[in-house]
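A quick write-up on the structure given underneath.
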Amino acid sequence: MSLHKKIAAGLLAGLTAFTFLLPLPRAEAVDVWGAAAQALGIFGIYQSSLSSVLAMGNNVHAQIQSRQQDLKENGRDPNRHDIDVVNGVMQQLVGQADYALKDNNLPFIWSVNDSKDFNAACYPTNYVSINRALVRGLNCDPDEIAAVLGHELTHGLEQHSAHNYAKAAAQYYGLSFLNMDAGLMDWNKLAALADYSIAKNVTLPTEYEADKGGFYLMTSAGFNPGGGAAAMARMDYYFTYETENPLEVQSIDVKNKNQENFNDHPDTSLREQKLAALMTDYSAGHVTVKGRKDIYIDGQLFLSADWTTEAYDNTTENAYYIAGGLAKAFHDYDRAADWQFRGDKFLDDNRVYALLHEFTARNHATARLQQLVTQAYAGEAASGAREKLRAAEQERAAKLAAARQESLQADNRTTKKWRENADTYSDYGMSQQALFQMQRVFASATQDDEASSLVIRGRAKAVAGDYKGALQDADAGVAKNPKDIYNFLNRADIYRMAGEPEKALTDLQAAAKVEADNAYIPLMQAQIYDELGDHAQALKNYQALYAREPKAVGQIPEEYLKDVSKKDYDDLMKQKEKAKK
């Protein structure tokens, strides 16, 4: 932590956050595209753009500003229930899903804004913006929301925005260069061609990839495997009959559905079909939904769904949730006996099985289900369905394990950035994210500065309210390296948070012996004396701060600034008056 970091944070306030939903094609397509771009002489543009956006995506200040910009433009959803539902879903996804962050990925943060547009977005900074209209449009259904947010998390995990923004920039430049050289078409047509090419060849493929990645994230976190297809069914209804936004309206004509349009997102009907197919695969191929209401097990009709609400016809969503419950059981259990059929009872009271239990009881179909399930498992030996399912899962697990292992071998530069990000999260009072970053540091095989790591983790613990653990870490760090001024500064901050100002001042005096002209020393001293009510001593230290670092004028409160620098105080008053007008 340093004063210069604080000043740099202010300079970053003008950084523009990217609010697009630009995702990335499959990995094998990237090399082909890269070769083509290089042949056009624009590969450098792609690389430069990619590097810039990835750097922003690993910047905590930019992440926080992404959220601030979103909430400033759209407002915060005033409905507490909306926020609680989203928080529950996101915490379950982030905390329980199987995924691996790239070394230059930040942990996810999120907010629910007050926008009336049906949308969610993952910024390049791993800030997830969720619109209130989406939460309401999906009826606050946790499984459907999990499918959408799993989709957005996949965009973040795969850094789709960064890669696709770079490709989009390169395509625009490349086509422009060709046009200037050959004069093939007017600029309006050229722009339309570039937009179409980017939507179809860059963005669209990654929307499918994000749907697939989101499916595996949500199922690994314990959500209903039918939630993705159910969300698309609900979205289809919403866009056709409910939305008041003319840009969202979807044609009621069936002939206009089931096809890819010129947008950068697939048609909801196509997405529903693909997500339903993923659910079937997840069930070892046993469970399918036909006609959007009939649930089959190995080609034999089990039961048909119908309405359970008076608001609208939710038959299709019910069908996918019943099928999703079956899919989870077939996926999780390797034997029919594991379903624990006992009279009219089976499985457990997991929320994912709720509609399966309800409709089975309503149709008096428990015996029928037991018969179909027993037959399904009996046929697996011949079909090899379970072996195929487990092999696919092992392949995905191996990729995740390899990614995590690679992260454990992070170099000094990477672990240093993780530590810096943790310290910045603590500056913002975000202890959960700070401690997560420090877990990454201590899990790494590379420990370039264990003393600093201990003290920075201690500061994160203090932000979380664990002052005992914080001081244990900080004391160990100072003992390991008493020549690093920031170890004393961070421990002083911990003492300050713990309500021990005198010990904090003692550490600041020790810090001065290491580096007397560090500007952060008088800043902290001034703040502590102000909190103690010793305004004369606080003023003296603010004056010392200004003498050492005039650019730190923004850190000096108004009531002291007028006595520290009248000119800067007068300038500040003029700016405030101008802002009022």
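Bear in mind these aren't lab numbers, they're just calculated from the coordinates by the rules spelled out. Note that the structure is predicted; figures quoted are calculated from it, not measured. In this analysis, Cβ positions are derived from the backbone assuming ideal geometry, glycine residues included, and neighbour counts consider all displayed protein chains.
Things to note:
- Each eigenvalue of the Cα gyration tensor of the stretch 493-549, multiplied by 5 and square-rooted, gives one semi-axis; in descending order these are 17, 15, 8 Å.
- About the Cα centre, charge dipole magnitude for the stretch 346-389 (Lys/Arg +1, Asp/Glu -1 at Cβ), debye: 120 debye
- Projecting label points 7 angstrom from Cα along Cα→Cβ for LYS581 and GLN472 puts them 5.9 nm apart.
- Likely footprinting exposure, ARG390, ARG457, fewest C-beta neighbours within 10 Å first: ARG390, ARG457
- Distant-in-sequence amide H partners of GLN250 (H built 1.01 Å from N, under 5 Å): THR240
- Long-range HN-HN contacts of TRP110 with modeled amide H, under 5 Å: VAL128
- Once the chain from LYS562 to GLN47 is taken as fully extended at 0.36 nm per residue, the excess over their C-alpha distance is 180.6 nm.
- Fewest-first ranking of THR154, THR315, THR506, THR309, using other Cβ atoms within 10 Å as the exposure measure: THR309, THR506, THR315, THR154
- Length released on extending from ALA382 to LEU532, taking residue separation times 0.36 nm less the Cα-Cα span: 46.2 nm
- Three-way shape label, the stretch 469-521, alpha-carbon gyration tensor, a/c 1.5: oblate
- Remark: the CYS140-LYS503 segment gains 125.8 nm on full extension, using 0.36 nm per residue and subtracting the alpha carbon distance.
- Peptides 403-410, 545-552 ranked from most to least packed give 545-552, 403-410, packing being the mean of other C-beta atoms within 10 angstrom over each peptide's residues.
- Scalar couplings 3J(HN,Hα) for the stretch 527-533, obtained by applying the Karplus form with A = 6.51, B = -1.76, C = 1.60 to θ = phi - 60°, are 5, 5, 5, 5, 5, 7, x Hz; x denotes Gly and Pro.
- Computed log10 I(q)/I(0) for the stretch 283-408 at 0.21 Å⁻¹: -1.19, from the Debye equation with unit scatterers placed on every C-alpha and solvent omitted.
- With R₀ set to 51 Å, the beta-carbon distance separating ALA311 from GLN405 gives a calculated FRET efficiency near 0.55.
- Cβ-based exposure ranking for TRP418, TRP339, TRP307, in which fewest neighbours within 10 Å come first: TRP307, TRP339, TRP418
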